[in-house]
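Chemist: First the structure, then my questions, so here it is.
The values are calculated or read from the model by the stated rules, or taken from the named source; none is laboratory data. Note that the structure is predicted; figures quoted are calculated from it, not measured. Please note: Cβ atoms are built from the backbone with ideal geometry, for glycine as well, and neighbour counts cover all protein chains shown. Heavy atoms of the whole protein, side chains included, go into the accessibility calculation; ligands, DNA and RNA do not. Shrake-Rupley method; radii C 1.70, N 1.55, O 1.52, S 1.80 Å.
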Amino acid sequence: MAMRELEGFDEVLRTVLTKVPIEALLPALPVEELLAALPPEQRLAGLTPEQRILLMPDEALRLLPDDYLRSLPEDIRAQIRAPLGRPL
C-alpha cells in the first residue's frame, strides 16, 4: 500500500507542512512547480516592466519595434537578441 493511501495521510501531511519552516521545504520543491501553482500576477510580482518583456513569446518579441527594443537596458537586450535572431 502506498503511503498516500493510508487513512489520515492528507491530514498528517497538512499538519506537518504547517509546522515546517518554508526555508526547509523550498529545496525539495522544483521552481517550475512552485510557479505553476501561482496566479500570473503573483508570478510577475517584483519584476520590472523590462524584465516582464523577457517572458513574452518569441513571436510577440519579434513584433516589437526596433526603436523600443533599443531603448531597453543592455542586459535585457542581450537576452532578447538570440530569440529575435537579429542585432538590436
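Chemist: Find the residue count for segment 1-42, including only residues that are part of a loop (DSSP other than H, G, I, E, B) and closer than 30 Å to Met56 by Cα.
Modeler: 5
Chemist: Determine which single condition Ala45 fails, assuming it passes every other condition in (1) assigned to a loop (DSSP other than H, G, I, E, B); (2) surrounded by 11 or more Cβ atoms within 10 Å (Cβ to Cβ).
Modeler: Failed condition: (2).
Chemist: Looking only at segment 48-56, decide whether some residue is surrounded by 10 or more Cβ atoms within 10 Å (Cβ to Cβ) and either among the small types (Gly, Ala, Ser) or more than 17 Å from the chain's Cα centre (by Cα) (or both).
Modeler: no
Chemist: Within segment 1-29, restricting attention to residues that are under 27 Å from Leu55 (Cα atoms) and either among the hydroxyl-bearing types (Ser, Thr, Tyr) or in contact with a helix residue (DSSP H, G or I) (Cβ under 9 Å, 6 or more places away or on another chain) (or both), which residue is least open to solvent (accessible area, probe 1.4 Å)?
Modeler: Among those that are under 27 Å from Leu55 (Cα atoms) and either among the hydroxyl-bearing types (Ser, Thr, Tyr) or in contact with a helix residue (DSSP H, G or I) (Cβ under 9 Å, 6 or more places away or on another chain) (or both), it is Leu25.
Chemist: How do the pairs read when you match residues in segment 1-28 that are without any contact (Cβ under 8 Å) to a residue 60 or more places away in the chain with residues anywhere that are surrounded by fewer than 10 Cβ atoms within 10 Å (Cβ to Cβ), using Cβ under 7 Å and keeping only pairs 6 or more apart or on different chains?
Modeler: That search, which allows pairs on different chains as well, returns Phe9/Met3.
Chemist: Moving on to the next point. Suppose we filter Gln51, Gln79 for residues that are farther than 30 Å from Leu17 by Cα and in contact with a helix residue (DSSP H, G or I) (Cβ under 8 Å, 6 or more places away or on another chain); which single one remains?
Modeler: Within the list Gln51, Gln79, the selection yields Gln51.
Chemist: Is it the case that some residue within segment 37-52 is modelled with pLDDT under 85 and among the hydrophobic types (A, V, I, L, M, F, W, C)?
Modeler: yes
Chemist: Does Pro83 satisfy the criteria of being exposed (fewer than 10 other Cβ atoms within 10 Å of the Cβ), assigned to a helix (DSSP H, G or I) and of a type outside the set (D, E, K, R)?
Modeler: No: the conditions fail for Pro83.
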